[in-house]
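Read the figures in this text as sums done on the coordinates, not as results from a lab. The structure presented is a predicted model; accordingly, all values stated were derived computationally and were not measured. Heads up, the Cβs are rebuilt from the backbone with ideal geometry, glycines too, and the neighbour counts pull from every protein chain shown.
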Amino acid sequence: MFDDLRQYINWLSDENLLTVVDKKVSSELEITEIVSRMIESGGPTLMFNNVDGNKIPVVANLFGSEIKVSNALGISNLNELYDKSNDVISLIDRENNSFKDKMNLLSDLFQMRKIKPKLIKKAPCHELIYEPEEFNLSHLPALKSWPSDGGKYLTSAMVISKNPINNKRNVGMYRIQIIDELNAIMHWQSYKGGSQNENHAKDLGITKIPVAIVLGCDPISMWSASAPMPPDIDEFMLAGFLRSKPIELVNCNSIDMQVPAHSEIVLEGEVHLDDYRDEGPFGDHTGFYSPIAKYPTFKLKKITMKKTPLFPVITVGKPIKEDYYLGKASERFMLPILKKITSEIVDVNMPAEGIFHNFIIVSINKKYPGQAKKIMHTIWGLGLLSLTKIVVVVDKWVDIHDLSEVFWRVGVNIDPNRDLMITQGPADDLDHASEFYRYSGKLGIDATEKIEGEPRVREWPDEIKMNKEIIELVDNNWENYGFEKINE
């Protein structure tokens, strides 16, 4: 596991997975075009050493493929996240019927305690400490990604805030539009943890809340900030679990907040809840510009950093971009939790074309009439999954990661008069298609085979399948037919 971003970048370099660009490039549009081409072609992670003459290197395409996300998380493939999450679920769900079981659980819980964040006094992120008049937001190599963007943005910002009611920490990854040397706009969406902390503060009559913005740290913590964790679950605990050792934290200098000790750059400040400004437009992961909307203002108080910091960026736009692969990792990690809520779910797929909140494909172990529609309601009642516009439900034997098979099942298995369910509910802030802001229609598609008890009078036909004996016969004689062996 990597302790900080620099260590990970050095590993990528040793593995010939990093390309260093020394040529001067522009922070306006040029880097986005370069990185977009690299993601599309499966190219390497990039480090730009001369962005507008800025001495702080920009690192990009950190998460632009499943392999890159796996490398960053220290795993061989994303299915390992499913296994790790399932281990936690099994631990929580274990029945302690014997003394031995109790002792084993106690041992496991002691191991879990070792992942609790550890507070230290001295940290690399405090090697340089600046007042705003010395170093401020205008000195960062922030990007303007798309031609009609409202300005330059921090696109890989880990935002740390607290619930003022119970003092629980939240770490989210939000875009932040830079306005001037001291002010930026905090785009935390309605249903995200930071926005919920804002709402709690308003309920208490609080007009400003301390917020720390971390630009770069160990890659596992960076991913954890993007993971859709349940309320009041510490993302740094998740990072410690995946690392099998705790995240080291350090107190900020000007606000009551703790940040990863190995952060590259930390922006300390406050979000003023009585100062809303126009944020956007921004070329977002939907492939469209999100329109101008009002969000609260972050006001800088102090900047701390390493002596030689790195500045990470994440490229979003028409899919597929980095956000998809970050989301795919979250999908695999959250699946055991979803299956714990309802054991009827076998697998889920949130394809790139759905942009996370547009549609989700679910396979179920169908046992009773109306089960597919029950699962639709379950999805629409779960946290951020409530924003999903279209839910497609198929049988357990369907490979939901093969979109060709999924659309075939949708095409041949549904009667629109019977198998479509339309309802209404909350929508994502970025959903431009909805009739109303943050509120839209929902569509459920039951593409399962119909069983006895469901509204169908005709008998369901058998699916075409070749005899197993014939398949084996042809396999064994393939080359004898004069054909070349097929590489599987």
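Among 35-45, 328-338, 452-462, the peptide with the highest mean count of other Cβ atoms within 10 Å heads the list, and the full ranking is 328-338, 35-45, 452-462. Taken over the alpha carbons of segment 124-201 as equal point scatterers, the Debye sum produces base-10 log I(q)/I(0) values at 0.11 Å⁻¹ of -0.36. Between Glu181 and Phe407, the modelled label-to-label distance comes to 5.4 nm, taking each label 7 Å out from Cα in the direction of the beta carbon. Axis angle, to the nearest 10 degrees, between helix 79-93 and the longest C-alpha principal axis of the chain: 90 degrees. Amide H to amide H, with H built 1.01 Å from N, Ile390 comes under 5 Å of Phe359, Ile360, Leu443, counting only residues 5 or more places away or on other chains.
Scaled to the globular estimate 2.2 N^0.38 Å, the Cα spread of the chain, given as radius of gyration, is 1.06. For Leu443 and Asp415, calculate 0.36 nm times their separation in residues minus their Cα-Cα distance, and state this gained length in nm to one decimal. Length difference between fully extended and current span is 8.7 nm.
Taking the longest Cα principal axis of the chain as reference, the axis of helix 403-413 is set at about 50 degrees. If you take the alpha carbon atoms of segment 212-333 and fit the smallest convex hull around them, that volume is 137 Å³ per residue. Simple spin-label estimate for Asn476 and Asn10 gives 5.8 nm between the two label positions (7 Å along the Cα-to-Cβ direction from each Cα).
Computed over the chain, the per-residue total of -39500 (n - 2.57) for DSSP H runs of n ≥ 4 gives a 222 nm mean residue ellipticity of -9000 deg cm²/dmol, rounded to 500. With one equal scatterer per alpha carbon and no solvent term, the Debye-computed log10 I(q)/I(0) for segment 431-488 at 0.21, 0.26 1/Å reads -0.91, -1.09.
For segment 386-456, the C-alpha radius of gyration divided by 2.2 N^0.38 Å, with N the number of residues, is 1.27. Over segment 73-312, Cα pairs under 8 Å with separation of 6+ residues give a relative contact order of 26 percent. Radius of gyration over Kirkwood radius for segment 342-446, both on Cα atoms: the Rg/Rh ratio is 0.95. Given the C-alpha centroids of segment 385-464 and segment 175-189, what is the distance between them in whole angstrom? Taking the Cα centre of segment 175-189 as reference, the centre of segment 385-464 is 38 Å away.
Computed as a quarter of the hull surface, the mean projected area of the alpha carbon convex hull for segment 73-312 stands at 15.0 nm². Computed over the Cα atoms of segment 329-377, the ratio of the radius of gyration to the Kirkwood radius (Rg/Rh) comes to 0.98. Which residues among segment 52-80 fall inside the zone where the amide N is under 20 Å from a point 7 Å beyond the Cα of Met1, along Cα→Cβ? Residues passing the 20 Å test: 63, 68-80.
The label point for Ile451 and the one for Asn79, both projected 7 Å from the Cα toward the Cβ, are 2.6 nm apart.
Exposure proxy for Tyr82, Tyr8: other Cβ atoms within 10 Å of each Cβ, ordered fewest to most, give Tyr82, Tyr8.
Considering the zone a paramagnetic label at Ile422 would reach in this model (a point 7 Å from Cα along the Cα-to-Cβ line), which residues of segment 356-376 have amide N under 17 Å from it? The answer is none. If the label point is 7 Å along Cα→Cβ of His432, which residues in segment 125-157 have backbone nitrogen under 16 Å from it? Only 145-151 fall inside the zone, counting backbone N under 16 Å. For Lys192, a cut-off of 19 angstrom between C-alpha atoms picks up these lysines, skipping any fewer than 8 places away in its own chain: Lys162, Lys168, Lys202, Lys208, Lys294, Lys328, Lys389. By the count of neighbouring beta-carbon atoms within 10 Å, fewest first, Val259, Val59 end up ordered Val59, Val259. With all pairs of different C-alpha atoms in the average, the Kirkwood value for the hydrodynamic radius of segment 13-61 is 11.0 Å.
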